[in-house]
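Scroll down for the structure; my scribbles are underneath it.
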Amino acid sequence: MYNTRTPLSMQQPIWSDQDTAFQEVTPDSGIETPAMSVGKQIMRNHVRNLFNVLSLSPKERRIIKLRFGIGGGKQRSLSEIGEIYGLSKERVRQLESRALYKLKQNMNSHGLSAYADFLV
């Protein structure tokens, strides 16, 4: 019981005859792996290109960009988007839903199905 209570240094070697430290074998879940980061960047580029190909109305396209912060902006709520366009929160939700439906329908045909594990 006493040994389990003493704190260990992350720089301390795991074994006395090796130079491997605890920090080298302990994963940091807060840091994104390079493969995941590159995958997300490629997916963002595909989604931007998909906006140009799809038959989204300009309003639907703008609502999706505002809602999810695409293009460097911050994510906005349905109410905030409604104030921008002079629409009710429910109408913005309907337009968003229709645009997302169109995006989902075209995921497979435009190569986005490979990124399904990146989507939340």
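The values are calculated or read from the model by the stated rules, or taken from the named source; none is laboratory data. Computed from a predicted model, the values in this text were never measured in an experiment. Because the Cβ atoms are built from the backbone with ideal geometry, glycine has one as well, and the counts that use them run over all protein chains shown. Side chains included, ligands, DNA and RNA excluded: accessible areas come from the protein's heavy atoms. Shrake-Rupley method; radii C 1.70, N 1.55, O 1.52, S 1.80 Å.
Under 7 Å between Cβ atoms, which residue pairs at least 6 apart in sequence (or on different chains) link something in region 61-81 that is closer than 15 Å to ARG93 by Cβ and open to solvent by less than 50 Å² (accessible area, probe 1.4 Å) with a partner that is small (Gly, Ala, Ser) and not in a loop (DSSP other than H, G, I, E, B)?
Close Cβ pairs (under 7 Å, with a partner that is small (Gly, Ala, Ser) and not in a loop (DSSP other than H, G, I, E, B)) amount to ILE63/ALA99; ILE64/ALA99.
Of all residues in region 21-45, which are farther than 27 Å from GLY72 by Cα and of a type in the set (Ser, Thr, Tyr)?
THR26, the sole residue that qualifies.
Is there any pair with a first residue in region 84-104 that is free of Cβ contacts under 8 Å to residues at least 60 places away in the same chain and open to solvent by 60 Å² or more (accessible area, probe 1.4 Å) and a second that is of a type in the set (Ser, Thr, Tyr) and in a helix (DSSP H, G or I) whose Cβ atoms are under 9 Å apart and which are 6 or more apart or on different chains, and what are they?
Within 9 Å, the pairs are LYS89/SER79; ARG91/TYR85.
Considering region 28-47 alone, what residues qualify as being closer than 18 Å to ILE70 by Cα and open to solvent by less than 90 Å² (accessible area, probe 1.4 Å)?
SER37, VAL38, GLY39, LYS40, GLN41, ILE42, MET43, ASN45, HIS46, VAL47
Say whether the condition of being touching a residue at least 60 places away in the same chain (Cβ under 8 Å) and out of contact with any Cys (no Cβ under 8 Å at 6 or more places or on another chain) is met by at least one residue in region 25-39.
Yes, that holds for at least one residue.
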